[in-house]
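Inspection log for the structure reproduced underneath, given as structure tokens.
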Amino acid sequence: MALQTAAALSPRSISSSTTLPCAAKHPIIYSSTSSSSCFLSPSQRKNVAVGLSGVTTSKRKRAWASTVKSSLDTVGPTVNVGQVTEVDKDTFWPIVKAAGDKTVVLDMYTQWCGPCKVIAPKYQELSKKYLDVVFLKLDCNQENKPLAKELGIRVVPTFKILKDNQVVKEVKGAKFDDLVAAIDVVRSS
């Protein structure tokens, strides 16, 4: 499969003063045979050397691949509003701290939980309604068990509402109206 960069990202068109925005966590390769992009794994990234302005190029068999360093790689966690962000045991607290004085709502769920699946689309809608609130979700699987235990989860779904890095409200179960009321109380305080 021959890979080529898009014309805008060819090595000849990138100067040392060019800034390339990137929201992806991993480098992007543009394929000349497909309009979609694919991501490199961290192990593949080790084989690529850093070039000018955080842009990396590699030439193999007449094909160019450009790597654009993400702001997530250099700046730290990004707080997103208007969407639900998946977190894990390693990213949860840094994102909560980065949220500052914003209200943070955490949906603690499991893949096999029926009520979790029912409330998930409603939770997604809330994230679009409350643009001053950070919405997160944590899969309480074996990998994230230490964080779930730290937060005192006993039933799924459980919603933890945080303000200033502290849990201030909790809603157990798929009780949508109770969740909305709890968010409104914390937002107004």
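The values are calculated or read from the model by the stated rules, or taken from the named source; none is laboratory data. Only a predicted model underlies this, so the values are computations on that prediction, with no experimental measurement involved. Every residue, glycine as well, gets a Cβ built from its backbone with ideal geometry; the counts of neighbours run over all protein chains shown. Quick note on the areas: whole protein, heavy atoms, side chains included, nothing else; ligands and nucleic acids left out. Shrake-Rupley method; radii C 1.70, N 1.55, O 1.52, S 1.80 Å.
Tabulated data for the structure shown
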{"quantity": "Shape call, segment 85-188: gyration tensor on alpha carbons, a/c limit 1.5", "calculated": "oblate"}
{"quantity": "Around Val167: net Lys/Arg minus Asp/Glu count, Cβ-Cβ under 11 Å", "calculated": "0"}
{"quantity": "Interchain or long-range residues, amide H under 5 Å from Asn144's placed H", "calculated": "none"}
{"quantity": "Environment charge of Asn141, counting only residues whose C-beta is closer than 13 Å and scoring Lys/Arg +1, Asp/Glu -1", "calculated": "0"}
{"quantity": "DSSP-loop GluC sites (Glu not before Pro) across segment 67-159, with at most 12 other Cβ within 10 angstrom", "calculated": "Glu143"}
{"quantity": "Neighbourhood net charge (12 Å Cβ-Cβ; Lys/Arg +1, Asp/Glu -1) for Gly100", "calculated": "0"}
{"quantity": "Farthest positive-ward along segment 85-188 dipole, Cα basis, beta-carbon charges - from Leu138, Pro121, Val155", "calculated": "Val155"}
{"quantity": "Whole-Å distance, taken between Cα centres, linking segment 94-114 and segment 121-189", "calculated": "6"}
{"quantity": "Anchor Lys169: aspartates and glutamates whose Cα lies under 12 Å away (excluding residues fewer than 8 positions away in-chain)", "calculated": "Asp178, Asp184"}
{"quantity": "Residue pairs, from the table Lys97/Lys122; Lys89/Lys129; Lys89/Lys137; Lys102/Lys160; Lys102/Lys145, whose Cα atoms sit over 23 Å apart", "calculated": "Lys97/Lys122; Lys89/Lys129; Lys102/Lys145"}
{"quantity": "Loop sites in segment 113-189: trypsin sites (Lys or Arg not before Pro), DSSP, at most 13 other Cβ within 10 Å", "calculated": "Arg154"}
{"quantity": "Solvent-accessible area, 1.4 Å probe, carbon plus sulfur percent, for segment 85-188", "calculated": "51"}
{"quantity": "³J(HN,Hα), Karplus 6.51/-1.76/1.60, whole Hz, each residue of segment 102-112, x for Gly, Pro", "calculated": "6, 6, 10, 10, 10, 9, 9, 9, 10, 5, 8"}
